[in-house]
Ligand code: NAD
């Protein structure tokens, strides 16, 4: 399958799952607009490395996904400099863990802005161009937490359930415009977002990181292994293929049996 001639914008692609998806799309020939935070020199090295490895055009936007006007500007920049946004992967996300009574209001607002509202703003900005070209793929990185809950993750679970709902609305609005909109719902993926939760818990409970890792997996998943960013990238590539053209409005689990239980 080739994505040659297509342009993919992947939010939060300087790390973890977003980077895995960006690499997988680039490997199929897509041009890229990267986005996310991090050290400027490291990001430039990443950008240039991807461009060289896959012989694609690769740009980077430092837009902050909590700022609607920066999201719209990033989409406009990709369209102006790369010609289109054919594939939008709404992936940027953060986590914060606390009981509701202790949950800082500012953290709630920030998680809703980055994990949920950014998906709306990105979708709103990218859809007109996709409609005009008669082809588009929107892939929202939700979570197993878009389908089921865990304690102490009020904002995250609310945002991810919201993403699944928004995915359905967008999908049916553009169902006959050549555009599909789906949500990927990963279980545990060992990225900095999860490594921090594991390290915090290990410190709190005076246990080893390996013990806590094993507990994280067995507590939630039937399968006691992590999914990888490469595997999530593989699913994103499939959703961009012709075989997936009638898959729309669907949360797709890739979670080692988390929500099957
Ligand atoms: P990560 O921390 O490795 O990557 C997050 C990315 O988002 C980084 O590139 C970061 O710079 C970027 N980002 C954060 N805030 C931003 C902002 N305001 N503006 C722009 N970019 C911003 O985490 P990850 O695990 O790769 O998470 C990616 C997505 O996958 C998130 O939406 C997360 O909720 C989801 N997810 C992760 C897991 C998991 O187990 N790791 C499971 C299910 C869903």
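The values are calculated or read from the model by the stated rules, or taken from the named source; none is laboratory data. Fair warning: this is a prediction, and the values are worked out from it, not measured in the lab. Counting neighbours? That spans all protein chains shown, and the Cβs are built from the backbone with ideal geometry, glycine included.
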Mind counting the residues in segment 214-234 that are in a helix (DSSP H, G or I) and under 18 Å from residue 145 (Cα atoms)?
8
When you go through (1) surrounded by fewer than 15 Cβ atoms within 10 Å (Cβ to Cβ); (2) closer than 15 Å to residue 34 by Cα one by one for residue 89, which number turns out not to apply?
(1)
Filter pass, residue 65 being under 19 Å from residue 136 (Cα atoms) and touching a residue at least 12 places away in the same chain (Cβ under 8 Å)
no
Taking segment 198-211 and keeping only residues that are surrounded by fewer than 16 Cβ atoms within 10 Å (Cβ to Cβ) and not in a loop (DSSP other than H, G, I, E, B), one is left with 199, 200, 203, 204, 205, 209, 210, 211
Do we find a residue being in a strand (DSSP E or B) and in the same structural domain as residue 150 (by TED's automatic domain parsing) anywhere in segment 242-251?
yes
Tell me, yes or no, whether segment 158-171 has at least one residue that is out of contact with any strand residue (DSSP E or B) (no Cβ under 9 Å at 6 or more places or on another chain), in the same structural domain as residue 66 (by TED's automatic domain parsing), buried (at least 21 other Cβ atoms within 10 Å of the Cβ) and at pLDDT 95 or above.
yes
Can you work out which of the residues in segment 86-109 that are in a helix (DSSP H, G or I) and in contact with a helix residue (DSSP H, G or I) (Cβ under 8 Å, 6 or more places away or on another chain) is farthest from the ligand (Cβ to nearest atom)?
100
Members of segment 219-229 that are surrounded by 15 or more Cβ atoms within 10 Å (Cβ to Cβ) and without any contact (Cβ under 8 Å) to a residue 40 or more places away in the chain
221, 223, 226
Does segment 178-194 include one or more residues that are away from the ligand (no atom under 14 Å from the Cβ), more than 25 Å from residue 19 (Cα to Cα) and in a helix (DSSP H, G or I)?
no
Can you tell me which residue within segment 124-146, out of those that are more than 10 Å from the ligand (Cβ to nearest atom) and touching a strand residue (DSSP E or B) at 6+ places or on another chain (Cβ under 6 Å), is nearest to residue 254 (Cα to Cα)?
139
Pairing a residue in segment 100-115 that is touching a residue at least 12 places away in the same chain (Cβ under 8 Å) with any residue that is in a helix (DSSP H, G or I) and away from the ligand (no atom under 12 Å from the Cβ), where Cβ atoms lie under 6 Å and the two sit 6 or more apart in sequence or on different chains, gives 100/154; 103/154
Assuming residue 119 fulfils every condition listed in (1) touching a helix residue (DSSP H, G or I) at 6+ places or on another chain (Cβ under 6 Å); (2) more than 11 Å from the ligand (Cβ to nearest atom); (3) closer than 15 Å to residue 66 by Cα apart from one, which condition is it?
(2)
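Residue by residue, here is whether (1) surrounded by 15 or more Cβ atoms within 10 Å (Cβ to Cβ); (2) at pLDDT 95 or above holds:
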{"position": "196", "(1), (2)": "no, no"}
{"position": "213", "(1), (2)": "yes, yes"}
{"position": "217", "(1), (2)": "yes, yes"}
{"position": "242", "(1), (2)": "no, yes"}
{"position": "249", "(1), (2)": "yes, yes"}
{"position": "254", "(1), (2)": "yes, yes"}
{"position": "260", "(1), (2)": "no, yes"}
